[in-house]
Structures are given as C-alpha cells and as structure tokens.
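Asker: The structure's right below; bear with me while I get my questions together.
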C-alpha cells in the first residue's frame, strides 16, 4: 500500500451470520500464482478457478490480511470489520460494469494460499478475543452490564449481533453500530451478543 502512495492497507475480518447450504467464500489461491498469470485470469474470468473457495456456515469467523485475494460468494449475510481505509482494488467483477483496478490490484496482491488466523481466545466467561492486532482488536462480548474505559483519543465501535441494550442512555439493537469514546456504561440483555472493535494491537484490561 505504501508503494502505491497509500497510508495503509486494509486488513479485514468476517463473521458469518447466515449462510445458504452451498455458500462459499474465496480466500487466497489454490496454489502460488505468478502476477502475470493472475492478470490474464482476471481479464478472461478464469480467476474464479484459481481461487480457493471454502464452504462456510453461520458462526464461522475469518481474518483476511491486506493483500489477500478474496471474494464473498452468494447466499451469505455477514458482518465485516476492517482497518480504517477506503482502499479497494477490484480485480474481477463477474461481468458487472464497476471499475476494475488491475494494475494496482496485481501490484498489492499476495496470490498464494491463505494461512488461517489463530483461533479466537476466550479470556473470560463473557469475553472472547477474535482479533488481537496488530491493525485492530475485535472482541466478542456477552450480554449484561459492563463499563468500558477507552484511553484518551481512542474510538471504539460497538456492533450488536443479537439482542438489545443501552449505552449511556442510548438504546441499541442488533444490526446497528455505535461509536464509543471515553468511559461508557453498557447494559445489554442477558442473551445479547456484541462485537467491540478498536484500533491498535493491545486489548483493553
């Protein structure tokens, strides 16, 4: 990304909420691919056969490092959390008329097999670390009451996956996203399922 004049790449992750029986995602290529071969495949559509399409189900979680050649197949509902970046390089678009970015996309792609991210780590009964840096941290929190103290200048995002609750008097429900700063009090239904994302590589105590 820096070589293309950009401040950062775009690491991202996906939590699968719903998946049709035959739903798949593509992560990386089946084998290492030469950039020239990748470019030709993007132009003639055979790139679909080069990608490693993986079956998925509800509850699956994937971390996608910047540079990973990837695609989201049909029949999926998911939550995507990503590094703060507006950069998207599209190599192929199934014949749709959206802009492609072949030269830049090939230059920043890592066309080789996907290396799975370490599995989530449960650090408390109500707290699991899904992503532990280095670009951002993503936690999965159970319902109930808790206080979160964010360091000065740090912004976090609360994403309710299921259930309802209140943050400092502001009601929330599944499907919404709240921006948090400072010290906040979260009161969620007992069966709520929450995601908390914030930049950096260290989880808060």
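Asker: Going by what's in this entry, would residue 26 be described as touching a helix residue (DSSP H, G or I) at 6+ places or on another chain (Cβ under 9 Å), within 30 Å of residue 139 (Cβ to Cβ) and surrounded by 13 or more Cβ atoms within 10 Å (Cβ to Cβ)?
Answerer: yes
Asker: Out of all the residues in the stretch 56-73, is one or more under 29 Å from residue 198 (Cα atoms), touching a helix residue (DSSP H, G or I) at 6+ places or on another chain (Cβ under 7 Å) and not assigned by TED's automatic domain parsing to the domain that holds residue 158? Even if it seems obvious, please write down each step before you answer.
Answerer: Quick first cut of the stretch 56-73, residues under 29 Å from residue 198 (Cα atoms) only: 56-73.
Next, from what is left, pick out any that are touching a helix residue (DSSP H, G or I) at 6+ places or on another chain (Cβ under 7 Å): 67.
Among the residues that remain, those that are also not assigned by TED's automatic domain parsing to the domain that holds residue 158 are: 67.
The answer is yes; a qualifying residue exists.
Asker: Run residue 111 past the list (1) in contact with a strand residue (DSSP E or B) (Cβ under 9 Å, 6 or more places away or on another chain); (2) touching a residue at least 12 places away in the same chain (Cβ under 8 Å); (3) surrounded by fewer than 16 Cβ atoms within 10 Å (Cβ to Cβ) and report the number of the one that doesn't hold.
Answerer: (3)
Asker: Could you please give the count of residues in the stretch 85-99 that are surrounded by fewer than 16 Cβ atoms within 10 Å (Cβ to Cβ) and at negative phi?
Answerer: So the count comes out to 8.
Asker: Within the stretch 160-167, does at least one residue satisfy the condition of being surrounded by fewer than 17 Cβ atoms within 10 Å (Cβ to Cβ), touching a residue at least 60 places away in the same chain (Cβ under 8 Å) and closer than 19 Å to residue 61 by Cβ?
Answerer: Yes, the stretch 160-167 contains at least one residue that is surrounded by fewer than 17 Cβ atoms within 10 Å (Cβ to Cβ), touching a residue at least 60 places away in the same chain (Cβ under 8 Å) and closer than 19 Å to residue 61 by Cβ.
Listed here are the residues, each with its yes/no results for (1) modelled with pLDDT under 95; (2) touching a strand residue (DSSP E or B) at 6+ places or on another chain (Cβ under 6 Å).
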{"site": "34", "(1), (2)": "no, no"}
{"site": "45", "(1), (2)": "yes, no"}
{"site": "53", "(1), (2)": "no, yes"}
{"site": "67", "(1), (2)": "yes, yes"}
{"site": "70", "(1), (2)": "no, yes"}
{"site": "97", "(1), (2)": "yes, no"}
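Asker: Could I ask something else about it? Using the structure shown, decide if residue 42 is part of a helix (DSSP H, G or I), over 23 Å from the mean Cα position of the chain (by Cα) and without any contact (Cβ under 8 Å) to a residue 12 or more places away in the chain.
Answerer: Considered against the rule, which asks whether it is part of a helix (DSSP H, G or I), over 23 Å from the mean Cα position of the chain (by Cα) and without any contact (Cβ under 8 Å) to a residue 12 or more places away in the chain, residue 42 comes out as no.
The values are calculated or read from the model by the stated rules, or taken from the named source; none is laboratory data. Predicted, not measured: the structure shown is a model, and the values here were computed from it. Every residue, glycine as well, gets a Cβ built from its backbone with ideal geometry; the counts of neighbours run over all protein chains shown.
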